[in-house]
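As structure tokens, the structure follows; a few thoughts come after it.
The values are calculated or read from the model by the stated rules, or taken from the named source; none is laboratory data. The shown structure was predicted, so the numbers you read here are calculated from the model rather than taken from an experiment. Cβ atoms come from the backbone with ideal geometry, glycine included; neighbour counts cover every protein chain shown. Protein only, heavy atoms only, side chains kept; ligands, DNA and RNA dropped before computing areas. Shrake-Rupley method; radii C 1.70, N 1.55, O 1.52, S 1.80 Å.
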Amino acid sequence: MSPVLDTAFMAPQDREEVLRHALWESMVAVDIDHRPPAEDISVRVGFDAIGPLRICSARATAATLRRTERLAREDEEPAVFLSLQTTGTSLVVQNGRQCLLRPGDFAVYESTAPYTLLFDEGIDDHFFRFPRGALALPERLLRDLAAVPLGSDNPVARLAFTYFSQLAVSDALHQSVHADAVVEPSIELLRAALTSQHGNANLAKAPLEATLSLRITQYLREHLADPDLSAARIAAAHDISVRHLYAVLSRSGISLGDWIRTRRLAACRRELAGPNGRLRTIAATGRSWGFVDATHFSKVFKQAYGISPRAWRDQNHPRSSA
């Protein structure tokens, strides 16, 4: 699994901030309460991804992770997390429930609601992040199963634990050209484990329409930089008509053109202000996020932020007067 962070090679005063930043960037934003003092924190954590699935394997000293109401409220990419207990025990708390995980157990929890993970004995776990829309499961089912231990009493869950435990450490597969081939089977196996645990087949019968808006917005994020991203293409990708697409988005309060343009502009704004802001021309930065017309890009950027993209870049990267 790559990259790997190991506190053995960090100065004690840097450990908490480096670990927090890595977790926020790679998996999810959470507050971390390390039990031991900085000099005694010991963490070895690896991050990887297979298509839209993100993977984190960690061994660490005792800690508590909290997804606060504020962080959950600000979530723009709803996700479902899978936590597999390898050794020791941990506690997962969400939706007024708490579950104790023992070796061989796993639990799911959602990014859009506050949760707490307690690792009093230290961390020896694998974590998977699934896009909420990709799972195509009703909100009620996920709410009912969050912070519920899955394992020994469910044969499908036992199979899922073995599968995901091996997938987490299969470095050769992660780097293989065939890695994407396991994305859909992984999603389907987790769906099977959750619906079998819930025991209500009716809730699993029509999840695709119930989660269509989530799946569409996930698709938009994945293809945001594509210049040919259009209503017709989005609708075709989800086997619906353009009219149905607009109706679904309208129910979620989304105006397609505004949604795409706002997020493309925000991405350009970040790049222009970032450390590599001068490595490309203004026009090239705009093109990389779907703005094929440089004049149009400058116009809508200024309308959105009250400053031209060139002035914004110069403000963040002033040229040397020497």
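Could you list, in sequence order, the residues of segment 26-63 that are within 30 Å of Val177 (Cβ to Cβ) and basic (Lys, Arg)? Arg44, Arg54, Arg59, listed by residue number.
Candidates are the residues of segment 116-131 that are surrounded by fewer than 23 Cβ atoms within 10 Å (Cβ to Cβ) and over 21 Å from Ser170 (Cβ atoms); the one that is modelled with the lowest pLDDT is Glu121. Using the structure shown, decide if Ile234 is in contact (Cβ under 8 Å) with a residue 60 or more places away in the chain and part of a helix (DSSP H, G or I). Taking the combined requirement at face value, the residue does not satisfy it.
Take the conditions basic (Lys, Arg), at pLDDT below 90 and surrounded by fewer than 18 Cβ atoms within 10 Å (Cβ to Cβ) and apply them to Arg251. Does it pass? Break it down into steps so the answer makes sense when it comes.
Numbers: basic (Lys, Arg): yes; at pLDDT below 90: yes; surrounded by fewer than 18 Cβ atoms within 10 Å (Cβ to Cβ): yes.
Criteria met by Arg251.
Residues considered: Ser213, Ser165. Of these, the only one that is in a helix (DSSP H, G or I), among the hydroxyl-bearing types (Ser, Thr, Tyr) and modelled with pLDDT of 90 or more is Ser165.
Having 2 or more residues that are out of contact with any strand residue (DSSP E or B) (no Cβ under 7 Å at 6 or more places or on another chain), among the polar types (S, T, N, Q) and surrounded by 16 or more Cβ atoms within 10 Å (Cβ to Cβ) is the bar; report the strands (runs of 3 or more DSSP E) wholly within segment 1-96 that clear it.
Of the strands (runs of 3 or more DSSP E) lying wholly inside segment 1-96, none has at least 2 residues that are out of contact with any strand residue (DSSP E or B) (no Cβ under 7 Å at 6 or more places or on another chain), among the polar types (S, T, N, Q) and surrounded by 16 or more Cβ atoms within 10 Å (Cβ to Cβ).
Here is a check on your reading of the model: is His174 open to solvent by less than 20 Å² (accessible area, probe 1.4 Å), closer than 29 Å to Thr87 by Cα and either at pLDDT below 90 or touching an Asp or Glu at 6+ places or on another chain (Cβ under 8 Å) (or both)? Yes. Counting residues in segment 103-114 that are open to solvent by less than 10 Å² (accessible area, probe 1.4 Å) and not hydrophobic (A, V, I, L, M, F, W, C) gives one or more.
Do we find that Arg261 is open to solvent by 60 Å² or more (accessible area, probe 1.4 Å), more than 25 Å from Leu214 (Cβ to Cβ) and touching a residue at least 24 places away in the same chain (Cβ under 8 Å) in this structure? Write out each step before concluding.
Values: open to solvent by 60 Å² or more (accessible area, probe 1.4 Å): yes; more than 25 Å from Leu214 (Cβ to Cβ): no; touching a residue at least 24 places away in the same chain (Cβ under 8 Å): yes.
No; evaluated as a whole, the condition is false for this residue.
Which members of segment 282-322 meet the condition of being part of a loop (DSSP other than H, G, I, E, B), farther than 20 Å from Trp259 by Cα and not aliphatic (A, V, I, L, M)? Those that are part of a loop (DSSP other than H, G, I, E, B), farther than 20 Å from Trp259 by Cα and not aliphatic (A, V, I, L, M): Ser308, His317, Pro318, Arg319, Ser320, Ser321.
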